[in-house]
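Reading through the structure tokens given below for one structure.
The values are calculated or read from the model by the stated rules, or taken from the named source; none is laboratory data. Here the structure is a predicted model, which means the values were calculated and not measured. Using ideal geometry, Cβ is built from the backbone for each residue, glycine included, and neighbour counts are taken over all protein chains shown.
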């Protein structure tokens, strides 16, 4: 056993020495004493072309008021942001009404008998309803061809009786 351990130890030491030599040769090859070219000197950058894509973000800053999501993995859902959920009083169910440009959300709305259960997701409120997502998508002609979620940011609040109503702008009038 001792002899086998000695041979294994010798092999490990040889491998380590070989790896160290490879590292030293790599450092010598990559560490040159040639100076870095400055802007005043000729560079090879004139042969490069710029990127055709840009790093501009398509997202709007700030929290979203309402998001509509069509996703196979996590299901179709409509969610309203933490601020909206707080201003509505963290409701367990809501009603939605529509104009051609806006969506109204409240615990109770006039001339409305349809309620949607709200699930809490952190501070947000989430409605899991494929039929609601379909209705919103069709009413506002939303295009999900290259995305799974569309978020709307503009919201205002009005009072209807004792209840606060969140009115989210989908399209400008």
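Which condition from (1) at pLDDT below 95; (2) surrounded by 15 or more Cβ atoms within 10 Å (Cβ to Cβ); (3) part of a strand (DSSP E or B) is the one that residue 159 breaks?
(2)
Restricting attention to segment 80-103, report how many residues are crowded, with 17+ Cβ neighbours inside 10 Å and touching a helix residue (DSSP H, G or I) at 6+ places or on another chain (Cβ under 9 Å).
Number of matching residues: 3.
Take segment 119-135 and flag every residue that is assigned to a helix (DSSP H, G or I) and closer than 15 Å to residue 75 by Cβ.
If the condition is that a residue be assigned to a helix (DSSP H, G or I) and closer than 15 Å to residue 75 by Cβ, then 130, 131, 132, 133, 134 are the ones that fit.
Might you check whether a residue that is on the phi > 0 side of the Ramachandran plot and modelled with pLDDT under 95 occurs anywhere in segment 116-123?
Quick first cut of segment 116-123, residues on the phi > 0 side of the Ramachandran plot only: 122.
From the residues that got through so far, the ones that are modelled with pLDDT under 95 too are 122.
Yes, the conditions are met somewhere in segment 116-123.
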